[in-house]
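Structure first, then comments.
The values are calculated or read from the model by the stated rules, or taken from the named source; none is laboratory data. Since this is a predicted model, take the numbers as computed values, not measurements. With ideal geometry, Cβ positions are generated from the backbone for all residues, glycine too; neighbour counts draw on all protein chains shown. We work out accessible area using only protein heavy atoms, side chains counted, and drop any ligands, DNA or RNA first. Shrake-Rupley method; radii C 1.70, N 1.55, O 1.52, S 1.80 Å.
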Amino acid sequence: MYCVRHPKVQTSLACGRCGAPICTECAVSGAVGMLCQKCAYGDGNPLYKVPPMRMALTVGAGLLAGVGVGFLLQAMSGMFFLLFLLCPIIGGFLGQTILWASGFKRGRTLEILAGTSVVGGSLIALLLNGAVFFYLQSPLALALFALGVALTAGAAIGKIRYF
């Protein structure tokens, strides 16, 4: 057999997941033995692959939850200490919603989706509530709202990454 990435190198080693022939330079040690780089770094791992219909459901659920988060953050924007207590909890629930909608998949794509759901949903909530002009006239309220969005987005991303 010859290595998939190095066609001139003979090998008797195969990937433990997909069975592709790999040389010792390409081999990555994994929980199931030696893996090719494609399987080891997520390209071939089914844990990171969200089917298109499931991804559409996940985007919708994330955006809907993000709008709800935006309304909650507007209600809490005057309460500085509540932001530090409740935003991580709210972000954890949003992250759990995205995990549930995706079929408990993982990966950078879902982490980005969690962050953009919080930010985009909060902006949509501001527009729906008509509170944009209030936040533009009050820098302190805008700063507290932005702090709440950042804390919630960080917690949502952390829920997906470290679940």
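May I ask you to list the residues in region 77-95 that are farther than 16 Å from G121 by Cα and either of a type in the set (A, V, I, L, M, F, W, C) or touching a helix residue (DSSP H, G or I) at 6+ places or on another chain (Cβ under 6 Å) (or both)?
Residues of region 77-95 farther than 16 Å from G121 by Cα: 78-86, 88-89.
Passing the criteria: M79, F80, F81, L82, L83, F84, L85, L86, P88, I89.
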task: Mind listing whichever residues of region 118-151 are more than 19 Å from the chain's Cα centre (by Cα), touching a residue at least 24 places away in the same chain (Cβ under 8 Å) and open to solvent by 60 Å² or more (accessible area, probe 1.4 Å)?
output: I124, L128, N129
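What's the total number of residues in region 109-136 that are among the hydroxyl-bearing types (S, T, Y) and modelled with pLDDT under 90? It would help to see each step written out before you state the result.
As a first pass, look at region 109-136 and keep what is among the hydroxyl-bearing types (S, T, Y): 109, 116-117, 122, 135.
With modelled with pLDDT under 90 added as a condition, the list becomes 135.
Number of matching residues: 1.
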query: Among the residues of region 97-112, is there at least one that is farther than 28 Å from P46 by Cα and open to solvent by 50 Å² or more (accessible area, probe 1.4 Å)?
result: no
query: Of the residues that sit in region 62-94 and are assigned to a loop (DSSP other than H, G, I, E, B) and in contact (Cβ under 8 Å) with a residue 60 or more places away in the chain, which one is surrounded by the most Cβ atoms within 10 Å (Cβ to Cβ)?
result: S77
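Name the residue, out of R17, R54, that is open to solvent by 50 Å² or more (accessible area, probe 1.4 Å), part of a helix (DSSP H, G or I) and either in contact with a Gly (Cβ under 7 Å, 6 or more places away or on another chain) or at positive phi (or both). Give the derivation first.
Working: R17 fails: part of a helix (DSSP H, G or I).
It is R54.
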- request: Give me the pairs, please: first residue somewhere in region 99-117 and under 11 Å from V59 (Cα atoms), second residue anywhere and open to solvent by less than 10 Å² (accessible area, probe 1.4 Å) and in a loop (DSSP other than H, G, I, E, B), beta-carbon distance under 9 Å, and either six or more positions apart or on two chains.
  value: L110/S102; L113/S102
field: Boolean, G154 is at pLDDT 90 or above, in a helix (DSSP H, G or I), within 14 Å of I90 (Cα to Cα) and open to solvent by 20 Å² or more (accessible area, probe 1.4 Å)
entry: yes
